[in-house]
Amino acid sequence: MSLSRVFVDFHNADEHGRLRLNCIGTIEDLARQQAELENGQKLTLYSEDLEVDGVVQFSEDEKVWVATIEWDRIRQVEELVVQGQN
């Protein structure tokens, strides 16, 4: 089973190194997928040509959803080729 793929800003990390899940791209991806975040949920997080798997949790300090990731597990993905373009 593949994980939901959600946009993140890798520069939007809290003091614990968790990615905040509050940028517009994240909100749009979650809405498009009709997904609601919950503690312990696993997601694939991406931005441009990078992605990483993470685990969602609610930050009581900041009152925002975040994802715990392993920063050394960020991987580069190949660009998607759009077919039919000339």
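Below are the figures for this structure:
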| item | result |
| --- | --- |
| Interchain or long-range residues, amide H under 5 Å from V64's placed H | S59 |
| Which of L30, S59, H11, positive extreme of dipole for region 4-76 (C-beta unit charges) | L30 |
| Max mean-square fluctuation residue, GNM over the chain, Cα-Cα springs under 10 Å, options R32, R75, R20 | R32 |
| Rough spin-label spacing in nm, given labels placed 7 Å along Cα→Cβ, for R5 and Q34 | 2.1 nm |
| For L30, L45, order by how many other beta-carbon atoms lie within 10 Å, fewest first | L30, L45 |
| Theoretical FRET efficiency, 1/(1+(r/R0)^6), r = Cβ-Cβ of V55 and E78, R0 25 Å, to 0.05 | 0.50 |
| FRET efficiency for N22 and T44, using Cβ-Cβ distance with R0 set to 30 Å, rounded to 0.05 | 0.95 |
| Region 4-76 - share of DSSP beta bridges that are antiparallel (%, nearest 5) | 80 percent |
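None of the figures in this text is laboratory data; all of them are computed from the coordinates on show. No experiment lies behind these values; they were computed from the predicted model shown. Backbone-built Cβ (ideal geometry, glycine too); neighbour counts: all protein chains shown.
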